[in-house]
1. Could you check the stretch 141-161 and list, in sequence order, the residues that are assigned to a loop (DSSP other than H, G, I, E, B) and loosely packed, with under 12 Cβ neighbours inside 10 Å?
2. Of all residues in the stretch 210-263, count the ones that are of a type in the set (Phe, Trp, Tyr), modelled with pLDDT under 95 and within 16 Å of ligand 1 (Cβ to nearest atom).
3. Answer yes or no as to whether Ala181 is of a type in the set (Gly, Ala, Ser), within 16 Å of ligand 1 (Cβ to nearest atom), buried (at least 17 other Cβ atoms within 10 Å of the Cβ) and not in a loop (DSSP other than H, G, I, E, B).
4. Mind checking which residues of the stretch 50-109 are within 29 Å of Pro271 (Cβ to Cβ), charged (D, E, K, R) and within 16 Å of ligand 2 (Cβ to nearest atom)?
5. Identify the single condition in (1) of a type in the set (Lys, Arg); (2) over 30 Å from Gly51 (Cβ atoms); (3) touching a residue at least 24 places away in the same chain (Cβ under 8 Å) that Arg134 does not satisfy, given that it satisfies every other one.
6. Would you tally the residues in the stretch 28-74 being within 16 Å of the chain's Cα centre (by Cα) and among the acidic types (Asp, Glu)?
7. Ser8 fails exactly one of the following numbered conditions: (1) over 21 Å from the mean Cα position of the chain (by Cα); (2) at pLDDT below 95; (3) of a type in the set (Ser, Thr, Tyr). What is the number of that condition?
Amino acid sequence: MRSLRTTSELGLRPDAAGKVRELFDLGDELLIVATDRISAYDCVMAEAVPGRGVVLTVMTLAWLARFPDVPNHLVTADPARFPEPFREHAEALGGRTMLARKAARLPIECVARGYLSGSAWQSYRQTGEICGIRLPAGLRRAERLPQPIFTPATKAETGHDENLSFAQAAALIGDGPAAAARDLTLRLYGEAAAWAAERGVIVADTKFEFGLIDGRLSLIDEVLTPDSSRFWPAGEVRPGSEPPSWDKQILRNHLDSVGWDHASPPPPVPPWVLERTAARYREVLQILFAAEAAPWRRYLE
Ligand SMILES: Nc1ncnc2c1ncn2[C@@H]1O[C@H](COP(=O)(O)OP(=O)(O)O)[C@@H](O)[C@H]1O
Ligand SMILES: [Mg+2]
């Protein structure tokens, strides 16, 4: 299984790098490479999880294909159609890279939640509401909500995103765009949750990013991946406790077992943890999108 921790291994120099992705600015377009880096407790590990970036990208492509009427940023993921110097690295970049239209990003994260978890659980416990939405009393952690809700958040460049009420989101981006983003977020979440539920996977929540491309509200970034969503195995959800994270639990358990303080540089991650984590990512892709992933299999082997 090949692995790519950074595009510098290929002699490339990205214009921007996040925790996972490296971006190349091509003018009107961006080349977005999902590396195999992995973070836990907000820290990036020194090791890579082989194929993780391919899973994230192939899953995004599969979801985009399921929403053909929704404008999105994808130009091509076919490495033979990338401009040089990227095309010559087709083997290393294939499956993990999207050539995308550059968008004017909405400065909010568009989150849909069908279950009570994460910051929504914290907020509910303290106030009975989340993002100004009052929820029924007596809900337990990881419980299904009466209906999916839209809980936008700021896009913090550093630190943690902060939850916004709908009115606050509308004040930031305008009433019309906020309503459009909310409606699209809830629609996409509903369709995705139904698709996943048929395959034994609960999408507890997910975060979309939208941008304007040619003036149209368009899906950008990654879509409904394990990094942007909480995927739970349907059989393991017990309201009252947090279900295991599908993908990162093995890594988190390992980090907990060695007593890491989440502040000092992360401890080394043994190969077996990386291999089992890599297998979990491939597994969820296989469960949700076996057919759609087939053309990309060579990049996953
Ligand atoms: N089509 C696009 N146009 C402009 N920005 C984009 C587009 N697609 C993704 N992005 C941005 O690229 C970055 C992806 O890098 P990533 O490693 O995921 O960063 P982060 O650590 O902030 O999540 C995000 O900041 C995202 O908003
Ligand atoms: Mg991101």
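The values are calculated or read from the model by the stated rules, or taken from the named source; none is laboratory data. Small disclaimer: the values here were computed from a predicted structure and weren't measured. Note that we place each Cβ from the backbone using ideal geometry, even for glycine, and neighbour counts take in every protein chain shown.
1. Applying the first criterion (assigned to a loop (DSSP other than H, G, I, E, B)) to the stretch 141-161 yields 141-143, 151-152, 155-161.
Hits for the stretch 141-161 are Ala156, Glu157, Thr158, Gly159, His160.
2. First, the residues of the stretch 210-263 that are of a type in the set (Phe, Trp, Tyr): 210, 231-232, 246, 260.
The next check asks that each one be modelled with pLDDT under 95; those that pass are 246.
Okay, now just the ones that are also within 16 Å of ligand 1 (Cβ to nearest atom), so none.
Number satisfying all stated conditions: 0.
3. Details: of a type in the set (Gly, Ala, Ser): yes; within 16 Å of ligand 1 (Cβ to nearest atom): yes; buried (at least 17 other Cβ atoms within 10 Å of the Cβ): yes; not in a loop (DSSP other than H, G, I, E, B): yes.
Taking the combined requirement at face value, the residue satisfies it.
4. Across the stretch 50-109, the qualifying residues are Arg52, Arg96.
5. Just one mismatch for Arg134, condition (3).
6. 2
7. Of (1) over 21 Å from the mean Cα position of the chain (by Cα); (2) at pLDDT below 95; (3) of a type in the set (Ser, Thr, Tyr), only one is false for Ser8: (2).
Let's see how each residue does on (1) under 30 Å from Pro68 (Cβ atoms); (2) surrounded by fewer than 19 Cβ atoms within 10 Å (Cβ to Cβ); (3) polar (S, T, N, Q); (4) without any contact (Cβ under 8 Å) to a residue 40 or more places away in the chain:
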| residue | (1), (2), (3), (4) |
| --- | --- |
| Asp175 | yes, yes, no, yes |
| Trp195 | yes, yes, no, no |
| Gly215 | yes, yes, no, yes |
| Leu219 | yes, no, no, no |
| Pro243 | no, no, no, no |
| His254 | no, no, no, yes |
